[in-house]
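Colleague: This is the structure I have questions about; it appears just below.
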């Protein structure tokens, strides 16, 4: 029994270390990266910008812009804490005015605990709580 528990713990440690390495490798590849997504209309062969995603010097997504045929549709900015967790998202409309602000709270294991949704004025609108249930 002890041997089985040690094996399970060892596998858990190795898989967690592997996943942590993958995350940092992904982030390493995204440092100061801008990704542009283009669409082409099949009928007219017209090419247009659909999406732009920007990453900072640490490889964290800091901005995401969605475009429509008239220009910017929405823009979302992201802010992170020292642990690399997203603590704030601000969504803007086509005129670059804030329409929604989300702030996040996390459990010690890094999983989301709560999401606070604010109006642009700063007034709290709703609170979303996350519950994690593992089936046996």
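Just so it is clear, none of the values below were taken in a lab; they were calculated from the coordinates. Owing to the predicted nature of the structure, the values given are computational and were not obtained by experimental measurement. Every residue, glycine among them, receives a Cβ derived from its backbone with ideal geometry; neighbour counts consider all protein chains shown.
Colleague: May I ask you to compute the full-extension gain from residue 99 to residue 69, defined as 0.36 nm times their residue separation minus their alpha-carbon distance, rounded to one decimal in nm?
Modeller: Here the answer is 8.7 nm.
Colleague: Relative contact order for region 31-129: what is it in percent, counting Cα pairs under 8 Å that are at least 6 residues apart?
Modeller: 14 percent.
Colleague: From Cα pairs below 8 angstrom and at least 6 apart in sequence, can you work out the relative contact order of region 81-136, rounded to a whole percent?
Modeller: Details: 83 pairs, mean separation 12.4, N = 56.
Contact order relative to length: 22 percent.
Colleague: Rounded to the nearest 0.05, what FRET efficiency do residue 49 and residue 127 give with R0 = 41 Å and r taken as the Cβ-Cβ distance? Could you check?
Modeller: Efficiency at R0 = 41 Å is approximately 0.70.
Colleague: Between region 88-131 and region 51-75, what's the alpha-carbon centroid distance in Å?
Modeller: 18
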